[in-house]
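These notes are about the structure you will find just below.
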Number of protein chains: 2
Amino acid sequence: MTESRDDRPAAQVVFEDEEYRLAVIDLLGAVAYGELSAFERLADDAKLAPTMRDKVEMSGMASLEFGHVGRLHDRIRELGADPFEAMAPFEAAIDSFHVHTAPADWYEGLIKAYVGDGLAADFYREIAAYLDAETRDLIIASLDDSGQAVFAVRHIRQAIDDDPKLSGRLALWGRRLMGEALTQAQHVAAERDALSALLAGGIDRPGLDLAAIGRMFTRITERHNERMAEVGLSA
Amino acid sequence: MTESRDDRPAAQVVFEDEEYRLAVIDLLGAVAYGELSAFERLADDAKLAPTMRDKVEMSGMASLEFGHVGRLHDRIRELGADPFEAMAPFEAAIDSFHVHTAPADWYEGLIKAYVGDGLAADFYREIAAYLDAETRDLIIASLDDSGQAVFAVRHIRQAIDDDPKLSGRLALWGRRLMGEALTQAQHVAAERDALSALLAGGIDRPGLDLAAIGRMFTRITERHNERMAEVGLSA
């Protein structure tokens, strides 16, 4: 009667915590909708490309983002939820982000692909650290930037070399992307109880207190500044 | 001194015919640009989707079309040409096709995905029959419609069941797609000597006389009519 060893995989045990399961479904839904709208936006912004070669490069990024959606949907189904219902709560915030950050030209589009996706990836990676290993690996694989950073850095630096006046406008644009991302992240955090509870922790799961959340945002901001510096822009 | 057997692969021998090599590069360039613009158009038309599920379905088709571009480019490079230079001669005709056939709503977009891509695939398959086996297989693999026919047929039939008045407008739209495709195909045929020469045949390669070209267009038209009938529309 004593010592019944639990042979189920750790992931299965953790999903018996209903609140945890719902939070993970929420998070996967947010990432999936983020990737889907990144696909749409990159495919759209590819039209601004100055050459066919650039267009193919950006279209390739779009396709790769779309390629992650299927795996995220599969995982949501495995957790007993409908992927479309899981994505729905994040449509308004993510669409609103894109409406408020429609690039005016190819360079703003490149900065957005580079800085915007970098920000989103940092944020999800921070949250993923609090998850079971399987979910964490899936999310981190979905956030792989598939070479867009290298492509964007090269093109933006070149553009600023060619026309130094561009740097003022693009620096401003980078700050606007950051501000808009934070605004939308706050909306989501305020509305999605399960996600907020996830960050607060649970039985057998460490959580974040306010100070830790503050440190998390400091790290995200620092990484944003590093990215801006990488392309030669002040944050 | 007699009987020196030629151990080189057949594909290598046929590419020693410079005119043939140029024609194949032309054809691969046309298919590659066609796939690239199909990607752009499907990604755009996905915005017209009535539900998120439909949007994901059409975005998935877009991504798959893009997935073919890389292999076609690789093959063009193997044949000693630049893929972007190979695509360039077909931009005007293919872009013009899309400008003249911008769908007004989701259903026109579905018909275009189904009928337009079906037409292009039939045409390239007809030409591929005159090519070496390796090129033929690559082209046929690139034209795999990846489930969009099934998806389109189901949705269009349902839409016409729900609103029979739709069938008149969509039948007209199907004829317009056919007419526009033929117009642009004629422009290409008139301008691209290498492609026309390919159809006319060469040493060791059978060609098409005028009667055979006539029969080819009859087959393409018949298949178009079958596709229209499949969704319940008169051609």
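Computed from the coordinates by the stated procedures, all read-outs in this text should not be read as laboratory data. Note that this is a predicted model, so its numbers are computed, not measured. Counting neighbours? That spans all protein chains shown, and the Cβs are built from the backbone with ideal geometry, glycine included.
Output the relative contact order of the range A:97-154, whole-number percent, from Cα pairs under 8 angstrom with separation of 6+ residues. Could you put the intermediate results ahead of the total?
Numbers: 22 pairs, mean separation 22.3, N = 58.
Taking the mean separation of contacting Cα pairs over the length of the range A:97-154, I get 38 percent.
Give A:K55/A:K165; A:K112/A:K165; A:K47/B:K55 a once-over and call out the pairs whose C-alpha atoms are over 23 Å from each other.
Values: A:K55/A:K165 25 Å; A:K112/A:K165 19 Å; A:K47/B:K55 20 Å.
Too far apart for the 23 Å limit: A:K55/A:K165.
What number, in percent, do you get for the relative contact order of chain B if the mean sequence gap of Cα pairs under 8 Å and at least 6 apart is divided by its residue count? Write out the running numbers ahead of the final one.
Numbers: 229 pairs, mean separation 56.6, N = 235.
In percent, rounded to a whole number, it is 24.
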- Task: Treating the angle as unsigned and between 0 and 90°, give the value, to the nearest 10°, between the Cα long axis of helix A:83-100 and the longest Cα principal axis of chain A.
- Result: 30 degrees
- Debye, to nearest 20: dipole size of the range B:1-138, +1 on Lys, Arg Cβ, -1 on Asp, Glu Cβ: 500 debye
- Message: Testing the spin-label approximation: label points 7 Å from Cα along Cα→Cβ at B:A129 and A:S196. State their distance in nm.
- Response: 6.7 nm
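State the volume of the convex hull built on the alpha-carbon positions of the protein assembly as shown, expressed per residue in Å³ and rounded to an integer.
Working: hull volume 103.1 nm³, N = 470.
Enclosed volume per residue, from the Cα hull, is 219 Å³.
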- Task: Compute the acute angle (0 to 90°) between the alpha-carbon long axis of helix A:148-162 and the principal axis of greatest extent of the alpha-carbon atoms of chain A; round to the nearest 10°.
- Result: 20 degrees
- Kindly state, to the nearest 0.05, the FRET efficiency for B:R175 paired with A:Q186, given R0 = 51 Å and r defined as their beta-carbon distance. 0.45
- Enter the angle in degrees (range 0 to 90, nearest 10) between the Cα long axis of helix A:166-191 and the first principal axis of the Cα atoms of chain A, meaning the one along which they spread out most. 20 degrees
- Note on the structure: The residues A:R136, B:R75, sorted from fewest to most surrounding Cβ atoms within 10 Å, come out as A:R136, B:R75
- Task: Just subtract the alpha-carbon distance of A:D54 and A:A104 from 0.36 nm times their residue separation and send over the number in nm, one decimal.
- Result: 16.3 nm
